[in-house]
1. Among the residues of the range 8-37, which ones are more than 19 Å from the chain's Cα centre (by Cα), part of a helix (DSSP H, G or I) and of a type in the set (F, W, Y)?
2. What are the pairs, 6+ residues apart or on separate chains, where a residue within the range 21-33 that is closer than 22 Å to L10 by Cα has its Cβ under 9 Å from a residue that is small (G, A, S) and surrounded by 10 or more Cβ atoms within 10 Å (Cβ to Cβ)?
3. From the list R88, R92, R62, exactly one residue is under 25 Å from T7 (Cβ atoms), touching a Lys or Arg at 6+ places or on another chain (Cβ under 9 Å) and outside the structural domain of P9 (by TED's automatic domain parsing). Which is it?
4. Residues that are touching an Asp or Glu at 6+ places or on another chain (Cβ under 8 Å), over 24 Å from G19 (Cα atoms) and at pLDDT below 85: list the strands (runs of 3 or more DSSP E) wholly contained in the range 38-125 that include at least 2 such residues.
Amino acid sequence: MFTLKFTEPLFQESKQILGIDQFQTRKWLAWQHQVALNFLVSSFILKEKLLCFDDLPLLSARDIKEIFVFKLYQEMTEEKLMNKMFKRHLIRQRDINYSYSKLKCVKVEVKGSVEIVVGKISIPF
């Protein structure tokens, strides 16, 4: 469960945002250096997500990349960057809520404890 929940999205973000699957090398040493740098950046992004989770729970690698591009190039104002990120987070939250609403949830109360049953999966609370 831990592997699927945290490792797979990390690799997916590394492929999509950082381009871990888009580099071409001729020697193994160059490939190892590239992968090491990508994993270093991935660990930095994961650390930033964990540090900012209370304030921005939907912070993604794309958001962090856009913040860095903003800081380096200043192509837009900080207010426009935050509005753009906020709109994307609203859309993501709407999609998350929609997918949870499609699941058939049954709330079962057993002697003071609440248990939510989603299909055949039981989640105790």
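1. W28, W31
2. Matching pairs, first to second residue: D21/S14; F23/A30.
3. Numbers: R92 fails: touching a Lys or Arg at 6+ places or on another chain (Cβ under 9 Å); R62 fails: outside the structural domain of P9 (by TED's automatic domain parsing).
That would be R88, the only listed residue that is under 25 Å from T7 (Cβ atoms), touching a Lys or Arg at 6+ places or on another chain (Cβ under 9 Å) and outside the structural domain of P9 (by TED's automatic domain parsing).
4. Working: elements: 105-110, 113-118, 121-124.
Where strands (runs of 3 or more DSSP E) fall fully within the range 38-125 and carry at least 2 residues being touching an Asp or Glu at 6+ places or on another chain (Cβ under 8 Å), over 24 Å from G19 (Cα atoms) and at pLDDT below 85, they are 105-110, 121-124.
The values are calculated or read from the model by the stated rules, or taken from the named source; none is laboratory data. Note that the coordinates shown come from a computational prediction; the quantities given were computed from them, not determined experimentally. Cβ sites come from the backbone with ideal geometry, for glycine too, and all protein chains shown count toward neighbours.
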